[in-house]
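The values are calculated or read from the model by the stated rules, or taken from the named source; none is laboratory data. Keep in mind the model is a prediction, meaning the values are calculated, not measured. Note that we place each Cβ from the backbone using ideal geometry, even for glycine, and neighbour counts take in every protein chain shown.
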Amino acid sequence: MSKTVFKKGLVFLIAVLFLLGCARPAQEPASDEAAAPAPFAADYALVWEILENDYPYLDYLRDKGIRVDSIRERYAERVNNVKQAKSFSEILNQMFGELEFTAHLFVINPEFFREFYTIYVLSPDVKESLFFQPWREILIKAAESERYSVPKNAENGEPVQPKDRPKVKVTYFEDCKTLCLKIPTFLFDTVERDRDLLQTSLEQYPETENIIFDLTGNSGGSTEYWYENLVAPFGEDHTFRWRNFYKDTPENNRIVENMFDLCNTSEAADAPEWAIRYGLNRYICVEQFVQGREAVHSDAKRWVLVNSDVYSSSEAFVVFCKLTGWATVVGAQTWGDGMGFSPVLRYLPDSGLLFEFDMTAGENPDGTMNIEGTTPDIVLDTVDVDHLLELIRQEQTD
């Protein structure tokens with residue numbers, strides 16, 4: 001993992017959000033479990049205690065018309081009918097699905113536990129960070145349960161081998177001298193794979209006057225991808241700032257108190273109305289630094305093409321572009337939820353399960369909630385490269 005992420009003492013925004021691509025689990029069939037005790041009732045109650053206390057979005061979901069309390073009651077009845085941790089896990093994820101998986105609200109499955117364990121426990125840079133100590137503690141604890149196991153290479157410290165991931169598609173449109181990089185994912189194990197892709201592409205097409213970073217369909221991964229592979233190669237340093245609002249609870253404060261000054265929302269003259277309405281009575285001011293590395297020499301105009309699938313760390317890149325003017329954002333409203341940091345983890349002792357969620361609500365440059373996405377600089381009725389190319393060609397003829 002690059003040390004760029006940790007510049008100026010900030011260890012932030014390494015969100016590894018693989019669960020978004022998983023299919024929703026199938027409905028659990030009725031069985032003779034109905035007559036058994038309810039071994040996970042206490043865990044279920046704990047889930048809702050955590051959501052009511054620490055999760056910032058329950059009232060937001062109620063405002064959207066989601067029947068949060070009805071969902072809670074209905075799934076409580078289902079929990080009484082299961083006695084296997086796997087079934088309990090599936091029921092929780094079905095319930096989170098009805099809450100629209102808002103703000104990375106997922107149960108951690110065994111495969112992605114190993115991914116998290118590799119990053120937060122085994123990664124040399126991250127395990128030295130005081131900020132991520134709560135993540136390490138809870139992952140080590142969960143590794144003792146029957147539900148999860150550590151990566152097979154954990155004992156000898158070998159890195160996890162990258163999986164097959166979709167590759168970046170590189171296309172050059174000679175008539176308008178436009179290079180297009182279709183980037184399907186920012187997943188953590190593609191950072192090193194694609195590190196030199198921008199450089200080699202521009203060396204192949206040195207006459208490039210426009211670069212399109214096509215993020216349509218990209219639901220995130222690691223912010224290190226765009227730090228290192230898209231922004232840093234141009235050689236410029238960037239600092240960008242925003243606010244994250246959250247509920248003032250001991251568990252939430254424990255995550256941020258070692259890295260940030262904790263501010264009271266009531267004392268901010270420009271506090272957004274939604275933070276007050278949803279009881280987000282504290283906030284932190286985040287200043288993020290991205291260090292450049294001179295790998296390309298190009299004055300090409302930069303465009304970022306987005307749609308409603310852009311989420312998490314790809315959303316963070318869009319907000320960065322809006323805050324700094326690094327690129328012109330074109331397309332449709334994004335999905336959002338990119339201005340927090342790595343989702344916090346909570347452990348359920350009876351089932352041995354972990355679940356995750358974003359504990360903060362990020363503020364967009366225009367003061368809106370980032371959970372609702374980002375409005376592009378230029379909105380397209382039809383979001384695709386062809387329509388953006390028409391815009392570029394028109395600009396070249398004006």
Requested in this report: Quick one: count up the residues across region 316-330 that are outside any loop (DSSP other than H, G, I, E, B), under 26 Å from residue 395 (Cβ atoms) and either β-branched (Val, Ile, Thr) or in contact with a helix residue (DSSP H, G or I) (Cβ under 8 Å, 6 or more places away or on another chain) (or both).
Outcome: 8
Query raised in the report: If a residue has to be in contact with a strand residue (DSSP E or B) (Cβ under 6 Å, 6 or more places away or on another chain) and in a strand (DSSP E or B) to count, how many in region 306-315 make the cut?
Result: 1
Requested in this report: For residues that are assigned to a helix (DSSP H, G or I) and aromatic (Phe, Trp, Tyr), tally how many sit in region 184-219.
Outcome: 1
Report task. For residues that are buried (at least 17 other Cβ atoms within 10 Å of the Cβ) and touching a Phe, Trp or Tyr at 6+ places or on another chain (Cβ under 7 Å), tally how many sit in region 260-297. Result -> 11
Report summary line: Filtering region 223-249 for residues that are over 21 Å from residue 325 (Cα atoms) and not in a strand (DSSP E or B) leaves a count of 3
Query raised in the report: Looking at region 69-109, which of its residues are over 30 Å from residue 150 (Cα atoms) and of a type in the set (Lys, Arg)?
Result: 72, 74, 78
Report task. Would you be able to tell me the number of residues in region 357-393 that are more than 17 Å from the chain's Cα centre (by Cα) and not in a helix (DSSP H, G or I)? Result -> 14
Query raised in the report: Taking residue 88, is it surrounded by 14 or more Cβ atoms within 10 Å (Cβ to Cβ), at pLDDT 95 or above and not in a loop (DSSP other than H, G, I, E, B)?
Result: yes
Report task. Inspect region 57-73 for any residue being part of a helix (DSSP H, G or I) and farther than 30 Å from residue 281 by Cα and give the result as yes or no. Result -> no
**Report entry** Subset of region 339-356 that is surrounded by 23 or more Cβ atoms within 10 Å (Cβ to Cβ) and assigned to a loop (DSSP other than H, G, I, E, B) - its residue that is farthest from the chain's Cα centre (by Cα)
**Finding:** 351
Report summary line: Residues of region 91-119 being assigned to a helix (DSSP H, G or I), touching a residue at least 60 places away in the same chain (Cβ under 8 Å) and of a type in the set (Ser, Thr, Tyr), in sequence order, are none
Report summary line: Flagged in region 274-329 as touching a Cys at 6+ places or on another chain (Cβ under 6 Å), under 15 Å from residue 227 (Cα atoms) and of a type in the set (Val, Ile, Thr), in numbering order, are 304
**Report entry** For residue 222: the one exception among (1) at pLDDT 95 or above; (2) under 30 Å from residue 332 (Cβ atoms); (3) in contact with a helix residue (DSSP H, G or I) (Cβ under 6 Å, 6 or more places away or on another chain)
**Finding:** (1)
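Residue-by-condition table, conditions (1) surrounded by fewer than 13 Cβ atoms within 10 Å (Cβ to Cβ); (2) touching an Asp or Glu at 6+ places or on another chain (Cβ under 6 Å):
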| site | (1), (2) |
| --- | --- |
| 43 | no, yes |
| 46 | no, no |
| 49 | yes, no |
| 61 | no, no |
| 73 | yes, no |
| 76 | no, no |
| 79 | no, no |
| 83 | no, yes |
Requested in this report: Answer with yes or no whether residue 228 is of a type in the set (Asp, Glu) and at pLDDT 95 or above.
Outcome: yes
Query - Where residue 280 falls short, out of the listed (1) at pLDDT below 95; (2) touching a helix residue (DSSP H, G or I) at 6+ places or on another chain (Cβ under 8 Å); (3) closer than 29 Å to residue 47 by Cα; (4) of a type outside the set (Lys, Arg) - result: (1)
